[in-house]
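Working notes for the structure below.
The values are calculated or read from the model by the stated rules, or taken from the named source; none is laboratory data. Computed from a predicted model, the values in this text were never measured in an experiment. Cβ sites come from the backbone with ideal geometry, for glycine too, and all protein chains shown count toward neighbours.
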Amino acid sequence: MMQIRFEMSGGYAGMFAARPLTYQVAVDELPEPERAALRELVERSGLLTSPPPEPARATPDALTYRLTITSEGRTHQLTLHDPSVPAAVRPLLQDLQQRAIAQRAGTA
């Protein structure tokens, strides 16, 4: 079973400082097309098979992403800061950001 917890904070003028954008999901509970797509994004990111990216310092007005992925009994936690997010991880973060926005708007 795979679970994902996503949080995005910071941003220009701290737009997400007071109320970070969050999303949490048990991937196996999603409908099949969504489940497969999200699992593929996680796999392509390399976060479960590669050493975590070197932490970078947050720059002023940068977005900060906190990501926790639990899969096969192992938990992977990392914090990433724009603009130093690895290219392979960006599609996953973008997908999770869209899901969090939809959830906050009540359209998810």
> With (1) modelled with pLDDT under 90; (2) within 15 Å of Glu7 (Cβ to Cβ) as the list, and Leu78 as the residue in question, which single condition is left unmet?
Replying inline: (1)
>> Suppose we filter the stretch 81-101 for residues that are among the hydrophobic types (A, V, I, L, M, F, W, C) and farther than 14 Å from Glu7 by Cα; how many remain?
In response: 4
> Residue check: is Ala58 at pLDDT below 85, surrounded by 12 or more Cβ atoms within 10 Å (Cβ to Cβ) and touching a Ser or Thr at 6+ places or on another chain (Cβ under 7 Å)?
Replying inline: yes
> If you take the residues of the stretch 62-108 that are in contact (Cβ under 8 Å) with a residue 60 or more places away in the chain and among the small types (Gly, Ala, Ser), which of them is nearest to Glu43 (Cα to Cα)?
Replying inline: Ser71
> Of all residues in the stretch 1-22 being modelled with pLDDT under 95 and among the aromatic types (Phe, Trp, Tyr), which is surrounded by the fewest Cβ atoms within 10 Å (Cβ to Cβ)?
Replying inline: Tyr12
>> Under 6 Å between Cβ atoms, which residue pairs at least 6 apart in sequence (or on different chains) link something in the stretch 32-48 that is under 14 Å from Asp95 (Cα atoms) with a partner that is surrounded by 12 or more Cβ atoms within 10 Å (Cβ to Cβ)?
In response: Arg35/Val27; Leu38/Val27; Leu41/Pro91; Leu41/Leu92; Leu41/Asp95; Ser45/Ala88; Ser45/Val89; Ser45/Leu92
> Taking the stretch 65-102, which residues are among the charged types (D, E, K, R) and closer than 17 Å to Leu21 by Cα?
Replying inline: Arg66, Asp82, Arg90, Asp95, Arg99
> Which ones in the stretch 70-108 are within 12 Å of the chain's Cα centre (by Cα), closer than 20 Å to Pro31 by Cβ and not polar (S, T, N, Q)?
Replying inline: Pro91, Leu92, Asp95, Leu96, Arg99, Ala100
